[in-house]
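J.: Let me begin by handing over the structure; questions about it come next.
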Amino acid sequence: KATVTALPSPINTVYSEFNPIPLSGGKLYYSSYYPVFQDSFNSLFSDLFISEIFLSRLGSNGWQIEGKESKRINNRKDHNANITLSRDGSYMYFSRCKDIDGRPGECQIYRAEKSGDNWTSVKALPSIVNKSGTSNTHPYLVQTRAYDIIYFTSNRKGGFGGQDIWYVIVENGKYSEVQNLGSNINTPGNEITPTYDRDNEILY
């Protein structure tokens with residue numbers, strides 16, 4: 001029997017918090033989708049929302065927000081969310097989506113590297129992944145001894161309809177051809193937010 005408990009304020013708000021990534025030391029990465037002008041909810045700008053990545057820590061006084069990730073990650077022009085970290089925390093992938101009428105639109109997957117306490121070398125993945133005219137998001141990193149596998153969601157042609165789950169293998173910095181997971185997983189509808197349990201070899 002499982003007990004589900006919502007995390008308290010200041011992590012959860014009346015807006016949307018998602019993509020929690022727990023770390024050692026009581027830290028938690030997560031994404032939040034909230035108004036740009038939080039003190040002007042009833043103003044002319046109340047429909048302007050942004051998605052950004054936050055870091056929090058559990059201390060003796062409960063959860064505390066350590067702050068938003070740097071402007072290299074949260075550039076404020078786009079929606080940034082959906083991070084996935086390497087096991088040692090030295091690099092991550094995340095989604096960056098264009099703002100279209102106040103909502104996330106065309107998305108690309110980015111990679112960033114950790115240098116000390118800062119994220120550097122923030123770059124979009126090559127066009128073999130971020131295919132022009134398509135939306136690519138929800139990356140999930142699976143590491144093996146020889147290579148990385150990135151599962152992600154895309155609406156590119158060659159799938160089974162809507163958003164499908166695809167994957168790409170990264171070996172020595174080179175990206176393989178992107179592959180669709182097939183009709184056992186993908187349908188004419190939308191498949192999103194892949195998560196892989198490596199220990200039990202289960203894809204959620």
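J.: Residues to consider are Thr187, Thr137; find the one that is β-branched (Val, Ile, Thr), part of a strand (DSSP E or B) and touching a residue at least 12 places away in the same chain (Cβ under 8 Å). Lay out the reasoning, then the answer.
T.: Details: Thr187 fails: part of a strand (DSSP E or B).
Exactly one residue qualifies, and that residue is Thr137.
J.: Can you tell me which residues in the stretch 102-131 are open to solvent by 60 Å² or more (accessible area, probe 1.4 Å) and not in a strand (DSSP E or B)?
T.: Residues satisfying the conditions are Gly116, Asp117, Ser127, Lys131.
J.: Can you confirm whether Ile21 is open to solvent by less than 70 Å² (accessible area, probe 1.4 Å), within 26 Å of Asn155 (Cβ to Cβ) and touching a residue at least 60 places away in the same chain (Cβ under 8 Å)? Steps first, answer last, please.
T.: Details: open to solvent by less than 70 Å² (accessible area, probe 1.4 Å): yes; within 26 Å of Asn155 (Cβ to Cβ): yes; touching a residue at least 60 places away in the same chain (Cβ under 8 Å): yes.
Answer is yes for this residue.
J.: Considering the stretch 152-178 alone, what residues qualify as being under 24 Å from Asn19 (Cα atoms) and open to solvent by 30 Å² or more (accessible area, probe 1.4 Å)?
T.: Within the stretch 152-178, the subset under 24 Å from Asn19 (Cα atoms) is 152-156, 162-170, 178.
Scanning the stretch 152-178 gives Asn155, Gly162, Gln163, Tyr167, Ile169.
J.: Identify, by number, the condition in (1) touching a residue at least 12 places away in the same chain (Cβ under 8 Å); (2) of a type outside the set (Lys, Arg); (3) more than 14 Å from Glu52 (Cα to Cα); (4) surrounded by fewer than 16 Cβ atoms within 10 Å (Cβ to Cβ) that Asp88 doesn't meet.
T.: Exception for Asp88: condition (1).
J.: Further question: Among all residue pairs at least 6 apart or on different chains, which show Cβ distances below 8 Å where the first residue, located in the stretch 140-163, is closer than 14 Å to Gln179 by Cβ and in a loop (DSSP other than H, G, I, E, B) and the second is open to solvent by 30 Å² or more (accessible area, probe 1.4 Å) and hydroxyl-bearing (Ser, Thr, Tyr)?
T.: Phe160/Ser183; Phe160/Thr187
J.: Now for a different question. What residue, among those in the stretch 16-66 that are among the polar types (S, T, N, Q), touching a strand residue (DSSP E or B) at 6+ places or on another chain (Cβ under 7 Å) and modelled with pLDDT of 85 or more, is nearest to Arg87 (Cα to Cα)?
T.: Of the residues in the stretch 16-66, the ones among the polar types (S, T, N, Q) are 16, 19, 24, 31-32, 38, 40, 42-43, 46, 51, 56, 60-61, 64.
If we keep only those that are touching a strand residue (DSSP E or B) at 6+ places or on another chain (Cβ under 7 Å) as well, we get 16, 19, 31-32, 46, 51, 56, 64.
Checking which are modelled with pLDDT of 85 or more leaves us with 16, 19, 31-32, 51, 56, 64.
Numbers: Ser16: 26, Asn19: 17, Ser31: 19, Ser32: 23, Ser51: 24, Ser56: 19, Gln64: 24 Å.
Ranking the qualifying residues of the stretch 16-66, first place goes to Asn19.
The values are calculated or read from the model by the stated rules, or taken from the named source; none is laboratory data. Since we're looking at a predicted model, the values are computed, not measured. Note that we place each Cβ from the backbone using ideal geometry, even for glycine, and neighbour counts take in every protein chain shown. Just the protein is used for accessible areas: all its heavy atoms, side chains included, with ligands, DNA and RNA removed. Shrake-Rupley method; radii C 1.70, N 1.55, O 1.52, S 1.80 Å.
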